[in-house]
Amino acid sequence: MKCKMIVIAFALFVFASAFSFAQEEAAAEQRSGSAVKYIAAAVAVGIACIGGGLAVGQIGSAAMGAMSENAELSGKAMPFVGLAEGICLWGFLVGLLILIL
């Protein structure tokens, strides 16, 4: 199931990028740099947020399971959830730097 979703997402990305480059040559030469920047920023943020969401889901469920057995582990488990959420922040910062530079 996950493999099918990845293949579908990749196919949509390829088709979307093909339509973004289907311009006249003169206009494409001027805008191709900016189009690639927007696509790269979107991919950076999207992949980082998907990875961060998967990490938070797995770490959060493991932390809840550990806290149900021993309530003292809540303080030790929450920093790991924060680290997983930091992945999304780094993806956003990379995307922002791609657009600025």
Discussion item. Taking θ = phi - 60°, what integer Hz values does the Karplus form 6.51 cos²θ - 1.76 cosθ + 1.60 yield along the stretch 46-59, in sequence order, with x for Gly and Pro?
Written reply: x, 5, 5, 6, 5, x, x, x, 5, 5, 5, x, 6, 5
Discussion item. Taking 25 Å as R0, compute the FRET efficiency from the Cβ-Cβ separation of Met78 and Ile50 and round it to 0.05.
Written reply: 0.70
Worksheet item: For Met67, Met5, what ranking results if the residue with the fewest other Cβ atoms within 10 Å of its Cβ goes first?
Response: Met5, Met67
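Restricting to Cα pairs below 8 Å that are 6+ residues apart, what does the relative contact order work out to for the stretch 33-101? Please round to a whole percent.
Once divided by the residue count of the stretch 33-101, the mean separation gives 55 percent.
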Practice prompt. Enumerate the whole-percent occupancy of each 10 Å bin, from 0 to the last occupied one, for all C-alpha pair distances of the stretch 33-101.
Written response: 22, 36, 22, 14, 6, 1
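Bear in mind that the values in this text are calculations on the coordinates, not laboratory data. Keep in mind that this is a model prediction, so the values were computed, not measured. Note: ideal-geometry Cβ built from the backbone for every residue, glycine included; neighbour counts use all protein chains shown.
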